[in-house]
Amino acid sequence: MARIFSGIQPTGIATLGNYLGAIRNWVALQDSDDECVFCLVDLHAITVFQDPAALREQTRQMAAVLLACGIDPARSILFHQSAVSAHARLAWIFNCVSRIGWLNRMTQFKDKAGKDREAVSTGLYVYPNLMAADIHAYHATKVPVGDDQLQHLELANDIAEKFNHDFSTAFFPRIEPLVLKESARVMSLRDGAKKMSKSDPSDQSRINLTDGADMIAAKIRRAKTDPEPLPEHVHDLSERPEARNLIGIYAAITGQKPHEVLHHFAGSGFGPFKEKLADALIAHLEPIGAKTREYLADPTSLDHILQAGARRAAAIAEPIVVEAERLVGFLPRG
Ligand code: AQP
C-alpha cells in the first residue's frame, strides 16, 4: 500500500476545472489500495492575501464541496493544512535545503507573479518548498497532479535528494507523479488560452460547482465561441481554443472522447450544442450543489470532520517530521 497526497487551495469556490482536473480523480482513487490524504491547503492560500473571514468561509465551502463530490472521510484523510504544524516545520527545513536557483526556474511563480515580481509575498516564492513538505511529511509516494504541477514535483524530489545527501540518510522516498489520463484541463469560458480558475476576477469565466441550473445555462450560453460550425475532426479544433474547450468539457462530463462528441455535433452551430452541454452540466452538477448546501448548513459538523482528519494526519506526519528534525540536529521536543 502506498500513500497518496493531494491538496487544493481554499481560494474560492471549486470550479469545473478543479472538479474535472482533480476532485473527480481523487474520488476514484479512494477505490485503490492506497491510503489517500487530501488537504485543504490554507497555508498555500495565504501566499496571496485572503480576507480572514472569507478564508474561513472558503475553507468550509471547499470541505463541503469535496464531501458532496464523494470524498469519504471514513476512507480518506481530509483536513486543513494549518491544523497540522508538521507542514510548516518541515517547510522551514526545506526552505534551508532548497536553492534559490531552483526556485527561480519555477514557471508557475513567474506566471503568478507576473510583472509585479518585487511586490508579491515571499510565501509565493517559496510555495514549492511548502508543497514538497506537504508530500514528504507523509512519506507519500504518489501525487496526482496536472501537467502544470510536474515541475513542482521534480523540485520536491530534488529537495528530498539533497536532504538525504546532506544528512547522509535515505529518509525521504522518491515521489511518482500520478498523471491521470482522463484528467481534463479546463479553460476559461471567456478566453480559451487561459485556464479556468477559482480566483479569476470574472465569475463568467468559470462554472462554480455550487452554481444553480439557471446560472450554468446562462454562463454556457454566454461562453466565448467563434462563428464557424463544429468540425468533423478533432485536429480541426487546434486553432479554435474556445470550441476545443467546450467540446472537451462535454466529453469529460459525459464520459466520451472528443471525436465521439464531434461525430454527433459535426456541422452544427454552437446554439444547439451549448444547450446540450448546459443540460449535461446541470444534470451532473446539480446534485453536487444540493449536497454542498446541506453540508454548509451545519458548519460545526464540517469543522469536526476536518479536525478529526487533522488528528489522523498529524498521527502520520508528526513522527516523520520529528525524525527529520532529529536528522537536522535539533534537540528532542520533550
Ligand atoms: N482549469 C483547470 N483544469 C484542470 N485542472 C485544474 N486544476 C485547477 N484548475 C484547473 C487542478 O485543481 C487542483 C487544485 O488546484 P489548486 O486549488 O491547488 O490551485 P490552482 O491549480 O491554482 O487552481 P485554481 O482554481 O486556478 O486556483 P487559484 O485561482 O487560487 O490559483 C490541482 O490539481 C490543479 O491542477
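The values are calculated or read from the model by the stated rules, or taken from the named source; none is laboratory data. Everything quoted here is computed from the prediction, not taken from an experiment. Cβ coordinates were reconstructed from backbone atoms using ideal geometry, including for glycine residues, and neighbour counts include every protein chain displayed. Only protein heavy atoms, including side chains, enter the accessible area calculation; ligands, DNA and RNA are left aside. Shrake-Rupley method; radii C 1.70, N 1.55, O 1.52, S 1.80 Å.
So is Val143 under 15 Å from the mean Cα position of the chain (by Cα), within 11 Å of the ligand (Cβ to nearest atom) and open to solvent by less than 40 Å² (accessible area, probe 1.4 Å) or not?
yes
Right, Gly269: open to solvent by 30 Å² or more (accessible area, probe 1.4 Å) and over 24 Å from the mean Cα position of the chain (by Cα) or not?
Numbers: open to solvent by 30 Å² or more (accessible area, probe 1.4 Å): yes; over 24 Å from the mean Cα position of the chain (by Cα): yes.
Judged against the criteria, Gly269 is a match.
Do any strands (runs of 3 or more DSSP E) entirely within segment 1-88 hold 1 or more residues that are surrounded by fewer than 17 Cβ atoms within 10 Å (Cβ to Cβ), and if so, which? I'd like the intermediate steps shown before the answer.
Numbers: elements: 3-8, 35-40, 77-80.
In segment 1-88, there are no strands (runs of 3 or more DSSP E) which contain 1 or more residues that are surrounded by fewer than 17 Cβ atoms within 10 Å (Cβ to Cβ).
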Pairs, please: C-beta under 8 Å, at least 6 apart or cross-chain, first residue touching a residue at least 60 places away in the same chain (Cβ under 8 Å) and among the small types (Gly, Ala, Ser) and in segment 1-18, second within 6 Å of the ligand (Cβ to nearest atom) and assigned to a strand (DSSP E or B)?
-> Ala14/Ile8; Gly17/Lys195
Got a number for residues in segment 159-188 being away from the ligand (no atom under 14 Å from the Cβ), open to solvent by less than 30 Å² (accessible area, probe 1.4 Å) and either in contact (Cβ under 8 Å) with a residue 12 or more places away in the chain or closer than 19 Å to Ala217 by Cα (or both)?
-> 5
Evaluation of Ile23 against (1) free of Cβ contacts under 8 Å to residues at least 12 places away in the same chain; (2) within 11 Å of the ligand (Cβ to nearest atom); (3) not hydroxyl-bearing (Ser, Thr, Tyr) (one fails), failing number = (1)
Segment 190-208: number of residues that are within 11 Å of the ligand (Cβ to nearest atom) and part of a loop (DSSP other than H, G, I, E, B) | 9
Go through segment 189-243 and count every residue that is in contact (Cβ under 8 Å) with a residue 24 or more places away in the chain, under 18 Å from Leu285 (Cβ atoms) and surrounded by 19 or more Cβ atoms within 10 Å (Cβ to Cβ).
-> 13
When you look at Asp134, is it in contact (Cβ under 8 Å) with a residue 40 or more places away in the chain, open to solvent by 50 Å² or more (accessible area, probe 1.4 Å) and assigned by TED's automatic domain parsing to the domain that holds Gln50, yes or no?
-> no
